[in-house]
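Written below as structure tokens is the structure these notes are about.
Just so it is clear, none of the values below were taken in a lab; they were calculated from the coordinates. Quick caveat: nothing in here was measured; it's all calculated off a predicted structure. Virtual Cβ from ideal backbone geometry, glycine too; neighbours counted across all protein chains shown.
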Ligand SMILES: Nc1ncnc2c1ncn2[C@@H]1O[C@H](COP(=O)(O)OP(=O)(O)OP(=O)(O)O)[C@@H](O)[C@H]1O
Ligand SMILES: [Mg+2]
């Protein structure tokens, strides 16, 4: 049996704080090493010599060994451990400390944290500890909307079931997320358990993550909420198209496009306008437009022994105006009314998906600076050539299936007792979002009756 280790960062506040202290310490060390040494093997060489020096001095004189730690290590490094070094009182203490420092240095030989280059908001940081295989997660600065919207997507992905890791009928997964809401001083775990943070705890968390942000994004985080997310071990849709897509069989490709179609239908219903289907408003009516799809908001997980790629919906924010502006909400309802009354609904959406994806590829192909550009363009062309013959019909089926699934399962579940935990959560954390979702569900229900 494989034991899935949940990173400590997803634990209760004291455990999460400890994990954030470790992350900060390693980030500081990573920063010090990269600014002090031309390469990391050089750092290891210099530090190893100092460790040996401490070990040699230790049997002779505790004080001399302690002095090396306090004075001979580069200041930028000993500064990180200053408090710990000052507390060491015994020979055993020095040995333990050396072990810890060595482990830390090993952990940052490959930096444990990097800023995601794909997103434009955030900033988003990808964390992976080299020494702890399963310990990876994502940090993202955002606002409360994104958390609450993600909770809705999670419910729709699983059809309000608790077993989150079963293959969901909806065709996609959602990463587990917790958060630190600095505006309301709340810590929230992936099971939605909330704790009110003391101001001291809140300050400590904030200081840690602000500093990490400063180190890796060279800026002060200005947003009020930090998402702590399960890290999905795949590629986002853009990278997947660029690298892996070609290896799928025809059947796997069809399944993959089908799942994208399902997700796209749900996005339209919930009002998520920042993924595949592009719906635009310029104060007036909402209309389908062939704008650039956001291929960064889907993660694709595939390995050769699996049947078809799994999709994870990430960055599930629902358009801000569709939560808080009465005018936009009304206009969007009339968009839904018009389009869901049309027999051509799925065809229009599938067409829009193809065009918006093509648009994104055309725009972004020149932005890809790594790798062989000619080869990349060929790969894009290969994908583009399959958009109409292969993707379009599969999108169409996926859209139809989700449309059906909505009426058969999701809307009845939303109206049932099963949805009470979700609705209670939204009622106390984001009532306007709940009201906006209810309006859109009501429109769909009325349309089915007529
Ligand atoms: N949970 C995750 N697991 C793995 N990778 C992730 C995860 N979340 C984000 N990423 C990576 O970081 C990228 C940016 O993430 P995200 O979409 O959340 O940021 P963003 O700044 O809001 O993006 P944008 O504004 O461009 O939509 C993703 O495309 C993906 O490559
Ligand atoms: Mg995104």
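Axis angle, to the nearest 10 degrees, between helix 420-429 and the longest C-alpha principal axis of the chain: 70 degrees. Summary value for the chain: 15 percent relative contact order, contacts being C-alpha pairs under 8 angstrom separated by 6+ residues. Summed over qualifying helices (DSSP H, 4 residues or more, each -39500 (n - 2.57)) and divided by its residue number, the chain shows a 222 nm mean residue ellipticity of -17000 deg cm²/dmol.
In percent, rounded to a whole number, the relative contact order of region 235-449 is 30, using alpha-carbon pairs under 8 Å and six or more apart.
In terms of its C-alpha gyration tensor, the chain comes out prolate, because a/c is 1.5 or above and the ratio a/b outweighs b/c.
Each Cα pair under 8 Å and six or more residues apart adds its sequence gap; the mean of these over the residue count of region 113-230 is a relative contact order of 30 percent. Taking the average, over residues, of other Cβ atoms within 10 Å as the packing measure, peptides 332-340, 16-24, 142-150 rank 142-150, 16-24, 332-340 from highest down. When each of the peptides 350-363, 251-264, 47-60 is scored by the mean number of other C-beta atoms lying within 10 Å of its residues, the order from highest to lowest reads 251-264, 350-363, 47-60. Cα gyration tensor of region 210-313, axes a ≥ b ≥ c as square roots of the eigenvalues: rounded (a/c below 1.5), prolate (a/b > b/c) or oblate? Since a/c reaches 1.5 but b/c is at least a/b, the shape of region 210-313 is classed as oblate. With R₀ set to 41 Å, the beta-carbon distance separating residue 192 from residue 99 gives a calculated FRET efficiency near 0.60. Angle of helix 250-270 to the longest C-alpha principal axis of the chain, folded into 0 to 90 degrees and rounded to 10: 80°. Counting only alpha carbon atoms, the long axis of helix 199-217 and the longest principal axis of the chain meet at about 90°. Centre-to-centre, using Cα atoms only, region 31-80 and region 376-419 are separated by 57 Å.
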